[in-house]
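The values are calculated or read from the model by the stated rules, or taken from the named source; none is laboratory data. What you are looking at is a predicted structure, and each value in this text was computed from that prediction instead of being measured. Quick reminder, even Gly has a Cβ in these numbers, built from the backbone with ideal geometry, and neighbours come from all protein chains shown.
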Amino acid sequence: MKLKNLILCSLFAAITAILAQLEIPLPYVPISGQTLAVGLTATILGSKLGAISMICYTCLGAVGLPVFAGASGGIGVLVGPTGGYIFGFIAAAYITGYILEKTTYSIPIALAANIVGMVITLIIGTIQLKFAMDISWSKSLAAGTYPFIAVGLIKAFLASWIGIIVRNRLVHANLLQKASY
């Protein structure tokens, strides 16, 4: 079981690194596939494995591997304007997975949980953006939150819909444990 969990966490860290390369550049923070990957990870793996996957992803980038958006990596990214979003992925994965574990793995609940995860990521990311760029709260919100709400809702829906389908198939194939409520 431990080896299977290690493989799953590594796989989802790799999926996050791949989806991070799908991006739309914006002045301060790009729109990327990372948040979709975070939602998928949490929806499929749950709180602990989801958070571990995001910790692995963050550590891969911290040591300089080009896994973050724009094929970037290094400590400079984590302490820079976009680093808060990356740290937010860990909290978002845990909380999203936790909500699902404590309720039920269904698309409507997954959507609500993924929206909560999106908000957590945006809050942590926007706070670091404000201080790293030394800009006002209004500029920080305009650059780091508002542009991501509509696309974040779409990604939350996709993560919920795809995530529940994939999770159910992995449970059916005995590759994941069925949730016990």
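Which of the residues that make up segment 144-156 are within 17 Å of Gly88 (Cβ to Cβ) and either surrounded by fewer than 16 Cβ atoms within 10 Å (Cβ to Cβ) or touching a strand residue (DSSP E or B) at 6+ places or on another chain (Cβ under 8 Å) (or both)?
Tyr146, Pro147, Phe148, Ile149, Val151, Leu153
Number of residues in segment 12-48 that are assigned to a helix (DSSP H, G or I), touching a Ser or Thr at 6+ places or on another chain (Cβ under 8 Å) and surrounded by fewer than 24 Cβ atoms within 10 Å (Cβ to Cβ): the value is 4.
Would a scan of segment 44-52 turn up a residue that is within 17 Å of the chain's Cα centre (by Cα), farther than 25 Å from Val166 by Cα and in contact (Cβ under 8 Å) with a residue 12 or more places away in the chain? The answer is no; no qualifying residue exists.
Of note, Thr121 satisfies the criterion of being among the hydroxyl-bearing types (Ser, Thr, Tyr), in a helix (DSSP H, G or I) and farther than 22 Å from Val166 by Cα. Condition test on Ile135, is it assigned to a helix (DSSP H, G or I) and either over 17 Å from the mean Cα position of the chain (by Cα) or within 17 Å of Ile31 (Cβ to Cβ) (or both)? Spelling it out, it is not the case that Ile135 is assigned to a helix (DSSP H, G or I) and either over 17 Å from the mean Cα position of the chain (by Cα) or within 17 Å of Ile31 (Cβ to Cβ) (or both). Could you tell me which residue of segment 84-143 is surrounded by the fewest Cβ atoms within 10 Å (Cβ to Cβ), considering only residues that are closer than 20 Å to Ala13 by Cβ and among the polar types (S, T, N, Q)? Ranking the qualifying residues of segment 84-143, first place goes to Thr121. Checking Leu176 against (1) modelled with pLDDT under 95; (2) surrounded by fewer than 15 Cβ atoms within 10 Å (Cβ to Cβ); (3) touching a helix residue (DSSP H, G or I) at 6+ places or on another chain (Cβ under 7 Å): exactly one of these is not met. Which one? Among (1) modelled with pLDDT under 95; (2) surrounded by fewer than 15 Cβ atoms within 10 Å (Cβ to Cβ); (3) touching a helix residue (DSSP H, G or I) at 6+ places or on another chain (Cβ under 7 Å), Leu176 violates only (2). Checked against (1) without any contact (Cβ under 8 Å) to a residue 24 or more places away in the chain; (2) farther than 23 Å from Lys4 by Cα, Phe87 passes all but condition (1).
For segment 92-111, state whether one or more residues are in contact with a Ser or Thr (Cβ under 6 Å, 6 or more places away or on another chain) and not in a helix (DSSP H, G or I). Within segment 92-111, none of the residues are in contact with a Ser or Thr (Cβ under 6 Å, 6 or more places away or on another chain) and not in a helix (DSSP H, G or I).
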